[in-house]
């Protein structure tokens, strides 16, 4: 029992001693906090160690004996102490929330700086016309039909007649063999023959579209020789040769395949050029609406800046009459600075999208990129558009798909590719046939020492010759022709599959564009309602500020919400217009909907410069 009582007494003594130490530490911390607050309120920016640090030193000395300090910090000095932390508020509260902290003059001067550039006011129709006339991609694409026409023109050259002329002179001496010398020796002992001869041969040859090959030759020669005692003699021949294939190479269709394929290639090039026109026209319209959106966005930020400036004036008035604090003026001034920055960025955005549109219109000043400033005159009007009925989505979608399958240039392009593949298969099939040709030749000639009598002999048929024959060839195995035929058949299948693929891609694009129109219209209505709500919030919050139950900061927040909602509504309007353009592009009806009749082409005759012939018409123009 005594031992238990002793333990309890020792525990009580230890508890009392711990409690005393805790109270002493608490009092020390309280003193330190009071000293820190005194330094903060006075605002004195001192470089010495703050009182809090000094208090900590005294606390350490109070709770630890000097001997312990000497053992723990044998080399302690003022330089070894931790650096003092500066005061979090080096200035007074009034100076910390002074409105002079924000300077609006720099941003205001940037906004008020005049833009020295010519202004070009432009409607959407005018932008489209300029793009059709000047866009480099359109100009480049229009050369392709002329190039295809040149290929067709070259293919027709296969049936052009060819005139050839040969003129030869020969002077020869030939020794006679033993038999001839023995015979000639009886006549006069001649052992060699001298001969001088001039020969002229003119020919006209060609090919007909049925595969018939013809040639007309006229030859004339003049000869002097030893046997004639160097007496000149004229000889002439007029002949005609005809070769007619009856299997391979027979028929007008087979022989005109290159011409027909060239005509199809020109049509493909025209369809491709029209596709380029559609794409660049759509890009131009979208770029125009982007410029409209950037211009309207700048107006939204101008209105937001005016609202912020009005709030700043109101805050200054309330501060002057004592119903508002300096912090409200500072916050309102910060809102003005933010709106000025947003307006500067909006003006830069106008310049950027304007340059993009100028590139599509190919606007230049000499050989330099134009510095002119474009000002769009048209504005989006979604309510006036009725080309896609979103209330009857499925029916409108089916109509758009049918338009795409009928009007997109890819349909004509794939059809012509299949037609060319079929012609290639037709030629390859004909090449598998054996070669069988009928040949006929007839010639009349004359010879005399006088040229006139020689020509008369040719006409009268002094000499004549007739030749009729057949020539045939059959390749053993004929693997080259059979392989070409198999390749042509596979090309037909590929062309048919490409057509199916193109049609699926067209229909998918229409579905995507129609969905985008539907979504854009819903977002447009949603953002419009949001703007109306935020306008009501701004009005209500400004009235609350006037009666003193809200702050400038809260008004700034609702003004920011209004500006964001207005910007979103504007983006939704532009997005809806661009979605309609994309739908018209997917349908292939963009040109027709804008009343444009386009005739692509660079007409170029052989030996003449290229001339661009395009027609763009609008109803009533």
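The values are calculated or read from the model by the stated rules, or taken from the named source; none is laboratory data. Since the model is a prediction, treat every value here as computed from it, not as a measurement. All Cβ positions, glycine included, derive from the backbone under ideal geometry; neighbour counts span all protein chains shown.
Quick notes
- Flag if residue 418 is in a helix (DSSP H, G or I) and within 30 Å of residue 145 (Cα to Cα): yes
- Selection within segment 383-424 - crowded, with 17+ Cβ neighbours inside 10 Å, closer than 30 Å to residue 296 by Cβ and under 27 Å from the mean Cα position of the chain (by Cα): 388, 400
- Answer from 350, 344 - the residue that is over 30 Å from residue 518 (Cα atoms), part of a helix (DSSP H, G or I) and in contact (Cβ under 8 Å) with a residue 24 or more places away in the chain: 344
- Some residue of segment 469-491 being closer than 30 Å to residue 303 by Cβ, surrounded by 12 or more Cβ atoms within 10 Å (Cβ to Cβ) and touching a helix residue (DSSP H, G or I) at 6+ places or on another chain (Cβ under 9 Å): no
- Scanning segment 199-247 for residues that are assigned to a loop (DSSP other than H, G, I, E, B) and in contact with a helix residue (DSSP H, G or I) (Cβ under 6 Å, 6 or more places away or on another chain) gives 209, 210, 211.
- Counting residues in segment 322-341 that are free of Cβ contacts under 8 Å to residues at least 60 places away in the same chain, surrounded by fewer than 21 Cβ atoms within 10 Å (Cβ to Cβ) and over 50 Å from the mean Cα position of the chain (by Cα) gives one or more.
- Residue in segment 373-382 that is loosely packed, with under 14 Cβ neighbours inside 10 Å, more than 30 Å from residue 316 (Cβ to Cβ), free of Cβ contacts under 8 Å to residues at least 12 places away in the same chain and touching a helix residue (DSSP H, G or I) at 6+ places or on another chain (Cβ under 7 Å) present: no
- All of 211, 232 fail the test of being touching a residue at least 60 places away in the same chain (Cβ under 8 Å), farther than 30 Å from residue 348 by Cβ and not assigned by TED's automatic domain parsing to the domain that holds residue 419, apart from 232.
- Residues within segment 425-438 that are in a helix (DSSP H, G or I) and either surrounded by 18 or more Cβ atoms within 10 Å (Cβ to Cβ) or touching a residue at least 60 places away in the same chain (Cβ under 8 Å) (or both), tallied: 6
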